[in-house]
Amino acid sequence: MKQKEQLSEAALEMIAARFKILSEPMRLKLVYALMDGEKTVSELIRETGGLQANVSKHLGILLDAGIVRRRKQGLHAYYRVADESIYALCDLVCNSLQHRLRTSLRSLNPDRR
């Protein structure tokens with residue numbers, strides 16, 4: 001069993017804020033789209049299917065939270081993932097959900113084991 005660390009109220013507030021930021025589906029789409037490298041807002045709009053104002057709003061929130069970084073070059077702004085711990089978090093959650101889904105499907109169809 002893993003040793004439990006004591007967390008202060010301030011630390012718990014910071015953790016909750018990070019999860020709150022990642023609880024929005026469009027922000028997750030943006031982070032997922034940026035996992036394979038830096039992209040412009042136009043590329044992110046095409047990839048996520050979002051509207052320009054909505055994508056820009058969510059990129060601003062991710063930027064303020066330190067999850068993404070922005071680099072300006074001429075008329076373009078390029079975004080990339082700044083906090084690479086997001087990759088590990090996404091892998092952990094996705095793998096856990098994938099396992100739960102497989103388990104649920106097996107229980108619905110026990111002949112497919």
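The values are calculated or read from the model by the stated rules, or taken from the named source; none is laboratory data. This is a predicted model, so every value here is computed, not measured. FYI the Cβ positions are ideal-geometry reconstructions off the backbone, even for glycines, and counts take in every protein chain you see. Accessible surface is based on the protein model in full, side chains and every heavy atom, while ligands, DNA and RNA are left aside. Shrake-Rupley method; radii C 1.70, N 1.55, O 1.52, S 1.80 Å.
Within segment 1-21, the set of residues being open to solvent by less than 70 Å² (accessible area, probe 1.4 Å), in a helix (DSSP H, G or I) and farther than 17 Å from Ser85 by Cβ comprises just one member, Ala10. In segment 54-83, of all residues being free of Cβ contacts under 8 Å to residues at least 40 places away in the same chain, outside any loop (DSSP other than H, G, I, E, B) and open to solvent by 70 Å² or more (accessible area, probe 1.4 Å), the one that is nearest to Arg27 (Cα to Cα) corresponds to Lys57.
Considering the conditions (1) at pLDDT 95 or above; (2) loosely packed, with under 11 Cβ neighbours inside 10 Å; (3) assigned to a helix (DSSP H, G or I), Leu30 is excluded by exactly one of them, (2). Picking from residues in segment 33-49 that are assigned to a helix (DSSP H, G or I) and of a type in the set (Val, Ile, Thr), the one that is nearest to Leu92 (Cα to Cα) is Thr48. Of the residues making up segment 33-53, those that are open to solvent by 80 Å² or more (accessible area, probe 1.4 Å) and of a type in the set (Asp, Glu) number 2. Pairing each residue of segment 35-50 that is more than 12 Å from Val81 (Cβ to Cβ) with any residue that is open to solvent by less than 30 Å² (accessible area, probe 1.4 Å) and basic (Lys, Arg), provided the two are 6+ apart or on different chains, yields C-beta distances under 9 Å for Glu47/Lys39.
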